[in-house]
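The values are calculated or read from the model by the stated rules, or taken from the named source; none is laboratory data. Everything numeric here is computed off the predicted structure, so don't read it as measured data. Just the protein is used for accessible areas: all its heavy atoms, side chains included, with ligands, DNA and RNA removed. Shrake-Rupley method; radii C 1.70, N 1.55, O 1.52, S 1.80 Å.
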Amino acid sequence: MASAVTPNELQDQREGQASGQIWQPPSGFQRWGDVAFRRLCFAFAVLTIGLLVWLVVEIGSKAIPAFREFGFSFLTGTTWNPNLHQYSILPEIWGTLYTSLLALGIGSAFGVAAALFLSEGFLGEMVFDILKRLGLHLHPFWEKLPQRMEGLLKNTIELLAAVPSVVYGLWGLFVVIPMIRPLCNWLHDRMAWVPFFSTDLSGPGVLPAVLVLSIMILPTITAISRDALVSVPPKLRMAAYGLGATRWETILGVILPTASRGIFGGIILAFGRALGETMALAMLIGNANRLSLSLFSPANTLAALLANSFPEAGRREIPVLMYAALVLLGITLAVNIIGAIILERAAAQAEAK
Amino acid sequence: MSEIDKLEVEAERDPFKDVDFAELETSLYRPRTFLSILFSWIVALMTFMALVPLFAVLWKLILRGGKRLSLTLFTQLPPAPLEHGGGFGNAIVGTVVMVGIAALITIPFGVLTGVYLAQSKEGRLASAVRFSAKILTGFPSILAGVFAYGAVVLITGGFSALAGGIALAILMLPTIILTSENAIAMVPAKMKEAAIGMGATTTQTTLMVLLPTAMPGILTGIMLAVARAAGETAPLLFTALFSNYWLMSHGRVNIMQPTASLAVLIYNFSAMPFPNQVELAWAAALVLVLLVLVTNLIGKSFSSEQLER
């Protein structure tokens, strides 16, 4: 009831005018403006959900012709031949999962280590020790140094995520590949019977792509794991120390298990990032439609396939690529939703303590 | 005397009878202390190893890109194959225009959604919106390009800066929504209550109290989103494509034509067999990284000021 004025309000108005007070009830414009603004905010919020739905529908509907034509054999075959109009993406699905899982292995080892280093205050302690030896630990300027160093280190790790992926790709192409090539070829010469080393690294390949990919997902893992580690209640840590546990007995026996859900959620989200990462892989993986275990052989991923084929795709190829995009969308959405749910549960668990 | 009393007396006589004191001392000869110190060093080493790539990239960029850095880079057009010199002025303009289009779409959209989320914390719709935004954060950038291709390029009939801007907007939106919500939720409740107590409407409270107070945090979110969008390549590959010409012709900006961007230029030129183009790719990478890192750091400086207050 926006325009109706109750007797009470009328009374207020008269009193306000009579005593010369500066307040006044909201004018019609203010009332309607308020309603309009709230509706606008509501509309945008609903649009956010709508956008997500639209993204799925847009890609899905464009993929329907290809789905009708190729069905599920699209997912299990290994040929990609535009001239014969034969398409299937098993090598790309394999390449996407293979590179992402390998990168996740490397990235989470280093990412969780960095998160521990940041959350346990190792650096601050080291700096404090040095200051104490120098007798500066109570100095008004220097005593803030340990905290500042921790903050600096945290921000520097976050900057790893700020470097655009195309720059990592450029760096991988001109620095990483030439650097690791002698070692890889040496491994291939000596141990060609190991399936991972069964081909030589002639240029782009799985290993350089994995290395660069693991650098790119590390900051995600570190940031989320650090949040999980920091939110472990201090009393648990104190209790462990009080029982005479060493620092690492505390970390491995108490802190990591308590934070494990949050860390796991972070790793899942990083997995989602790795699956969808495009540029570094498109530049480093070699775009070969090949199904191989070898770390040095060129391969392909779904995202790289889209990046390389879309700009030159003909009318008949577009639905096929949309189908591939739909597969990528399905995988990443599933992984991201699982990760988000795990993190939400972990946050609820941490709040309950 | 009962059993328990006997034990108590004994304990009073020597409470530490069963304690092996040597076991409690810090000594490198004890496996548990030694392992603790060893693990600490391993973790420290791994953390610093994780930082090596960042500095290696920056070092290589300064070394290889710095060589070509000059003013002509910013004023000239990309060279043809085998041509000498040239620059990427049009790519810088293209990047700025497309990020600008994306920002024009996402800033009102994102901030108002953030306002809604902060106002209705527990509602079912609010949690659904928040969840969608979180899912969108992990949305693969290439799929934003695929979407813009289907929704804009196929309909307008050609590659354009507008399509590129829309693709970037999808990637910027979730960051802006989530940071705005956080920033608004961080405003002390007493300020909001004071405004309501003085009879302000929800809109007046939001526009005159909440948004100004939360502005540093919101700006941080916007700057981080802009920094991310400026470096994105995948969504532009087949929405804005690339162009060797200026976006502006005959004194008019036409956003419905193929448009160059720094990121796509790096990708295209890095694959070319001509040394001049590769050099330009490195120089463009240096410019892009500087642009992105500076935007990023400025954005972060806003919210650190807020924290100190």
> Just B:Ile42, B:Ile142, B:Ile176 to compare: in a GNM of chain B, with alpha carbon springs under 10 Å, which one fluctuates most?
Replying inline: B:Ile42
> Once the whole set of protein chains is in place, how much accessible area is left on B:Met256, using a 1.4 Å probe, in Å² to the nearest 10?
Replying inline: 90 Å²
>> Suppose a student asked you for the relative contact order of segment B:69-308, using Cα pairs under 8 Å spaced at least 6 residues apart; what percent would you report?
In response: 27 percent
>> Heavy atoms of the protein only, probe of 1.4 Å, neighbouring chains included. What is the accessible area of A:Glu249 in Å², nearest 10?
In response: 70 Å²
> Is the shape of chain A rounded, prolate or oblate, going by the alpha carbon gyration tensor and its root eigenvalues a ≥ b ≥ c, with a/c under 1.5 for rounded and a/b larger than b/c for prolate?
Replying inline: oblate
> By what distance, in whole Å, do the Cα atoms of the protein assembly as shown stretch along each of the three principal axes, largest value first?
Replying inline: 99, 96, 54
> Comparing A:Arg226, A:Arg31, A:Arg316, which has the greatest mean-square fluctuation in the GNM of chain A with Cα pairs linked when under 10 Å apart?
Replying inline: A:Arg31
>> Please list 3J(HN,Hα) in residue order for segment A:144-155, calculated via the Karplus relation 6.51 cos²θ - 1.76 cosθ + 1.60 where θ = phi - 60°; whole Hz, with x for glycine and proline.
In response: 7, 4, x, 4, 5, 4, 4, x, 4, 4, 4, 5
> In terms of Cα to Cα distance under 29 Å, which lysines are near enough to B:Lys6, apart from those fewer than 8 places away along the same chain?
Replying inline: B:Lys17
> Which whole-Hz couplings ³J(HN,Hα) result when phi for each residue of segment B:271-281 is put into the Karplus expression 6.51 cos²θ - 1.76 cosθ + 1.60, θ = phi - 60°, listed in order with x for Gly and Pro?
Replying inline: 8, 7, x, 9, x, 4, 5, 5, 4, 4, 4
>> On a straight-distance basis, which lysines could pair with A:Lys154 in a cross-link, Cα separation under 27 angstrom, same-chain partners fewer than 8 positions away excluded?
In response: A:Lys132, A:Lys144, A:Lys235, A:Lys353, B:Lys60, B:Lys134, B:Lys300
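Please work out whether chain B counts as rounded, prolate or oblate from its C-alpha gyration tensor, where a ≥ b ≥ c are the square roots of the eigenvalues and a/c under 1.5 means rounded, while otherwise a/b larger than b/c means prolate and anything else oblate? Provide the component values of the computation, followed by the final result.
Numbers: a/c = 3.00, a/b = 1.55, b/c = 1.93.
Cα axes put chain B in the oblate bin.
Nearest 100 Å², what total accessible surface is buried between chain B and chain A (probe 1.4 Å)?
Looking at B and A, the buried total is near 6900 Å².
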>> Just to check I understand the Karplus step: with θ = phi - 60° and J = 6.51 cos²θ - 1.76 cosθ + 1.60, what whole-Hz values come out for segment A:297-309, glycine and proline as x?
In response: 7, x, 8, 8, 10, 4, 5, 5, 4, 4, 4, 7, 8
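Is the shape of segment B:82-211 best called rounded, prolate or oblate, per the rule: a/c under 1.5 gives rounded, else a/b larger than b/c gives prolate, else oblate, with a ≥ b ≥ c the square roots of the Cα gyration tensor eigenvalues? Intermediate values should be presented prior to the final figure.
Details: a/c = 3.06, a/b = 2.11, b/c = 1.45.
Prolate is the answer for segment B:82-211, as a/c is 1.5 or above and a/b outweighs b/c.
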> So which residue, out of B:Leu288, B:Leu117, B:Leu63, gets the largest mean-square fluctuation from a GNM of chain B using Cα contacts under 10 Å as springs?
Replying inline: B:Leu63
>> Given the C-alpha atoms of segment A:56-100, compute the convex hull and give its volume per residue in Å³.
In response: 90 Å³
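For the full complex of protein chains and a 1.4 angstrom probe, list B:Arg124, B:Arg32, A:Arg237 by accessible area with the highest value first. Write down the numbers at each step before the final one.
Numbers: B:Arg124 215, B:Arg32 65, A:Arg237 40 Å².
Ranked list, largest accessible area first: B:Arg124, B:Arg32, A:Arg237.
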> When ligands, DNA and RNA are left out and all protein chains stay put, how many square angstrom of accessible area per residue does the protein assembly as shown have with a 1.4 Å probe?
Replying inline: 48 Å²
